[in-house]
């Protein structure tokens with residue numbers, strides 16, 4: 001029974017499109033709430049260090065995703081590398097990865113398939129931005145709830161939801177990917 005359910009969930013186009021669409025929307029919403037939280041933190045003299053830490057997490061995430069993209073596209077020309085770099089810098093990586101996975105995009109010059117590439121990017125995002133930012137925002141809200149503001153709870157909730165869904169998505173895609 002589990003094999004049938006796994007195969008159906010893996011092979012269903014609607015399930016795939018739903019998974020990758022939600023998996024792309026949540027990080028985008030998370031980025032918006034993080035930017036709002038950063039602007040809120042900068043309004044308080046006591047939270048400037050925490051705002052800088054959140055900015056550093058986002059910069060590290062973008063840097064690592066850009067380095068991975070350039071490493072994977074090293075056989076392609078500079079135009080392809082520039083395109084992938086701009087996708088990372090404009091925070092479009094989740095959307096582009098979701099699109100490539102949903103259409104089953106194949107690129108012979110890449111060392112990995114589109115699902116593996118998405119898993120790599122989501123893992124980088126989890127390790128460098130989602131989890132640390134959620135922990136930091138939760139700490140700030142517990143230590144200084146008045147200065148952090150009530151909207152921080154929305155950001156924490158979105159961040160936690162993104163972390164949980166992304167972790168589940170990575171696990172599901174890794175377990176059901178025929179290549180791995």
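Quickly run through region 61-75 and pick out the residues that are in a helix (DSSP H, G or I) and without any contact (Cβ under 8 Å) to a residue 12 or more places away in the chain.
From region 61-75, those in a helix (DSSP H, G or I) are 61-72; that's our starting set.
Once the filter is applied, which keeps residues that are in a helix (DSSP H, G or I) and without any contact (Cβ under 8 Å) to a residue 12 or more places away in the chain, region 61-75 yields 63, 67, 71.
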Starting from region 94-109, take each residue that is over 19 Å from residue 77 (Cα atoms) and list its partners that are at pLDDT below 80 and surrounded by fewer than 17 Cβ atoms within 10 Å (Cβ to Cβ), counting only C-beta distances under 6 angstrom and pairs at least six apart or across chains.
102/17
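Would you confirm, using the coordinates I've provided, whether residue 97 is modelled with pLDDT under 90, touching a helix residue (DSSP H, G or I) at 6+ places or on another chain (Cβ under 9 Å), buried (at least 22 other Cβ atoms within 10 Å of the Cβ) and under 30 Å from residue 71 (Cβ atoms)? Reasoning before the result, please.
Numbers: modelled with pLDDT under 90: yes; touching a helix residue (DSSP H, G or I) at 6+ places or on another chain (Cβ under 9 Å): yes; buried (at least 22 other Cβ atoms within 10 Å of the Cβ): yes; under 30 Å from residue 71 (Cβ atoms): yes.
It is true that residue 97 is modelled with pLDDT under 90, touching a helix residue (DSSP H, G or I) at 6+ places or on another chain (Cβ under 9 Å), buried (at least 22 other Cβ atoms within 10 Å of the Cβ) and under 30 Å from residue 71 (Cβ atoms).
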So residue 157 fits all but one of (1) surrounded by fewer than 19 Cβ atoms within 10 Å (Cβ to Cβ); (2) in contact (Cβ under 8 Å) with a residue 24 or more places away in the chain; what number is the exception?
(2)
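The values are calculated or read from the model by the stated rules, or taken from the named source; none is laboratory data. Just so it is clear, the model here is predicted, and its values are computed rather than measured. Because the Cβ atoms are built from the backbone with ideal geometry, glycine has one as well, and the counts that use them run over all protein chains shown.
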